[in-house]
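Read the structure below first, then the notes.
The values are calculated or read from the model by the stated rules, or taken from the named source; none is laboratory data. The shown structure was predicted, so the numbers you read here are calculated from the model rather than taken from an experiment. Positions of Cβ are generated from backbone atoms using ideal geometry, with glycine treated the same way; all protein chains shown enter the neighbour counts. These area figures cover heavy atoms from the full protein model, side chains too; ligands, DNA and RNA do not enter into them. Shrake-Rupley method; radii C 1.70, N 1.55, O 1.52, S 1.80 Å.
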Amino acid sequence: MGFSKKVTEDALVLSGRCCCLCHKFCGTKMELHHIKQKKDGGEDTLNNCLPLCFDCHADVMQYNPNHPKGKRYTLAELMRHRDEWYKKIKSSQGIDLSAKNYTDIDKETYGKLITLLEPKGIMFFIKRNGFVLGSFSDSIFRKLAIFLKECELPNFEFIDSDLESLKSNLTDSLVKLDTLIRKNTFPAGPDSQSIPREWEEEQPERYERAINEFEEITTEAYSSYENLIKLARRKLFKN
C-alpha cells in the first residue's frame, strides 16, 4: 500500500506539482518518495512524503552505502528541502508582487537572466538551432556554461515560485543542451566547433541522431525560455 489519495493530493498541491529538490514544474511526471523507506519503518504519511521529478527520485534512490560515492541525501536534509519549497509555494500565493521588496528582488534576477542569456545572442542562436547549420563560435558554449554555473548560486533565484519553477525548467533544458554539445561537437577551426561533417557519410545514423537531438532540445529550451520571459513580464512589469 502506498500514499493515500488524500496524502497524494495534499503533497501535489503543497508542492505545486514541482520537484522539491530541483524545483522544476513536472505536471504529471511526478513521483512521491518515502523519505524514510517503508522497509525501515517509514509510514504513508504526509510528513514522510517528498514530491520529486523522475531524475531527482532516481538520484535519491541510487546511492549505494556499500560503495559510497558522493554525498548521500540525509532524511533531515530531504525534509528541509521539502519544507522550504512548500513554504515558498505557500508564500508566493500570498505575495503581493506589487510590493517593492519582492518585485525588486525578482526584477534583479530577471535582469541577470536576460544579461546572461542575451535574447539577441545565445537565445536567438538556440531559437534558429544554429548547432546544425555548420560551425559555431566557442563563445556560445562558454556563455551557456557561465549561465549554468550561475544557476548553482542561491542568490540567482526568483522569490515567486511560478517564475522559479519555469527558470528550473529552462535550466534543465540547457543542461541537456550542454550535454549534447559536449557529446556531438568537436573543434572545427580557431575558436569554433561543429558536428563532424564526415559523420554524414561515415556514421550516418550517428549524424542523423545528433541532428534530431539538437532539433528537439533547442525547441524545448527556447519554449522554456519564452514561457519564463512572458510570465515574468506580466508579473513584474504590469504597472
> Out of the residues in the stretch 203-218 that are open to solvent by 40 Å² or more (accessible area, probe 1.4 Å) and touching a residue at least 24 places away in the same chain (Cβ under 8 Å), which is farthest from Lys127 (Cα to Cα)?
Replying inline: Glu213
> Restricting attention to the stretch 143-159, which residues are closer than 15 Å to Cys22 by Cα, part of a helix (DSSP H, G or I) and of a type in the set (A, V, I, L, M)?
Replying inline: Leu148
>> Being in a strand (DSSP E or B) and either free of Cβ contacts under 8 Å to residues at least 60 places away in the same chain or surrounded by fewer than 17 Cβ atoms within 10 Å (Cβ to Cβ) (or both): is that true of Glu31 here?
In response: yes
> Could you say whether any residue in the stretch 63-70 is modelled with pLDDT of 80 or more and over 20 Å from the mean Cα position of the chain (by Cα)?
Replying inline: no
>> Every residue in the stretch 221-239 that is surrounded by fewer than 18 Cβ atoms within 10 Å (Cβ to Cβ) and out of contact with any Asp or Glu (no Cβ under 7 Å at 6 or more places or on another chain), please.
In response: Ser223, Glu226, Asn227, Lys230, Arg233, Arg234, Phe237, Lys238, Asn239
> Quick check, is Asp178 free of Cβ contacts under 8 Å to residues at least 60 places away in the same chain and either open to solvent by less than 70 Å² (accessible area, probe 1.4 Å) or within 30 Å of Leu14 (Cβ to Cβ) (or both)?
Replying inline: yes
>> Looking only at the stretch 133-157, how many residues end up being of a type in the set (A, V, I, L, M) and buried (at least 18 other Cβ atoms within 10 Å of the Cβ)?
In response: 2
> Just to be sure, is Glu200 surrounded by fewer than 17 Cβ atoms within 10 Å (Cβ to Cβ), of a type in the set (Asp, Glu) and part of a helix (DSSP H, G or I)?
Replying inline: yes
